[in-house]
Each structure stands twice: as structure tokens, then as C-alpha cells.
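Working notes for the structure below.
The values are calculated or read from the model by the stated rules, or taken from the named source; none is laboratory data. This is a predicted model, so every value here is computed, not measured. No Cβ is skipped: glycine too gets one built from the backbone with ideal geometry, and neighbour counts run over all protein chains shown.
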Amino acid sequence: MSFDSNMKASTFITFSATLFICSGSAIADCPMDFVRITCIPEARYFWFDYTSIDCSAVLSGVSVRFDDKKRSQRMSAWEKQGYYRATNLQYECRLPESTYKISAVQPPEKDRGICGAAPQITLSLFRNGTPILDQIIFGNDCFGGPTVVSAEITDGLQKWNAQKMTLCLSPKSDAPKVCEYFSGTGAISQAIPINQERVGEYVKNTANPVIPDCSIHWRFHHGY
């Protein structure tokens, strides 16, 4: 085979491999972060948590990974099941007595930088316009610091026990989570707004690795 023939064969193989990769037939393993949300107005119930799913599962069956239309359709299918990307998330849960709003941002992934491939989610939570969570790190912290991983909220029928919230925190990466429990009429008033500094304080002052997951509770009984 001549040199020219070798060059043509090599070029064809390279071009074919490029088409194979870019067609989405081979989707590399990578995590995709989601805010998973449940809002049930009839039950006065609102819950959200952090979950990370491999992108090969999220985009399974999508033949052209970089086809914006097909990708958008697939992500819409995930949203219908309560899984929301935090790229620029604005979500409202309207309960009979309260409107809760999640505002979250996650920068796009980058090839460079310490945390470029794993950008963290910054999240705020509001109740009737009043901030409960203020720009906290949600889910995973590239530097291994404390984060909020979930929140469960119920609006009760009785005025004396109107709102309850369980806020679960991760002291550091891969550590068992611990949970703050707020109960009573407006039980959150003296604790809010909870920012990232206060998340660190909670973890520092109360985390106990001997106690099982989500069994540490702090109770507040103040007006809200």
C-alpha cells in the first residue's frame, strides 16, 4: 500500500471515530446534578433534595447527544418526573397558605480550573418572599465543605403548629448527613435567613458521626 493510500485510510478512520463520538453513540460517564422536587398543594407538602445521575443514564437512547432539540426533549421528560437542572432554576410551589420559591444557579462545566468540571449549585429558598435559605451551597461542594442536601416542609392546618421544616446537611463530602428540625408556629423565624456561614456553624457545633443519618434534631418554638 502506498504512502498516499495509508494517509487516506488513516484520515478515514479518524473521521469515522470523530463521527462516532459526536453522534452520541458513545456517551462518556459524567455526573449530572439535579434538584429533585415534590410539591403537593392538597397535602400542604413541599420537598426537594440533591441527586446526581450519570449522564449516560440521563441521555440514554438519545442518538445525537449534541442535538439541542433532542437534548431539550429528554430534559423535559426528566422535569415531568420532578428532576430539575439547576443551571438557572426558578421554581414555585404554591401551597394553600404559602408560596415557596427555589432560586438556584449552577455555572456551566469547564475544562479548566480546580472546580471547572464540578461546578457547585448556589440555592436560595423563599416563603412568601421572605428568604429562608440565602445563597447556600446545595448538594456537592468541590472543596469538600458543608452543604445543604435536602429540605422537607409542611404547612399545617392549625395556627399553633402551622409550619414545620426538616433541613438536612452534609458536613463534608461523603459524610453521613445530619438534620435540623424546626417545629411550631413559624418555627423558622429566629433561624432565618440561613446562609452558608450558618450552615458551617450548625455542622461544627452539632454534627455527631456516631448518631445515624438524620437523627439529630434541634427544635425552635418561635413566631414566624
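Residue 42 is checked against (1) of a type outside the set (Val, Ile, Thr); (2) surrounded by 14 or more Cβ atoms within 10 Å (Cβ to Cβ); (3) at pLDDT 90 or above; (4) not in a strand (DSSP E or B) and fails just one. What number does that condition carry?
Against the list (1) of a type outside the set (Val, Ile, Thr); (2) surrounded by 14 or more Cβ atoms within 10 Å (Cβ to Cβ); (3) at pLDDT 90 or above; (4) not in a strand (DSSP E or B), residue 42 comes up short only on (2).
For the range 79-89, state whether one or more residues are free of Cβ contacts under 8 Å to residues at least 40 places away in the same chain, touching a strand residue (DSSP E or B) at 6+ places or on another chain (Cβ under 9 Å) and buried (at least 17 other Cβ atoms within 10 Å of the Cβ).
no
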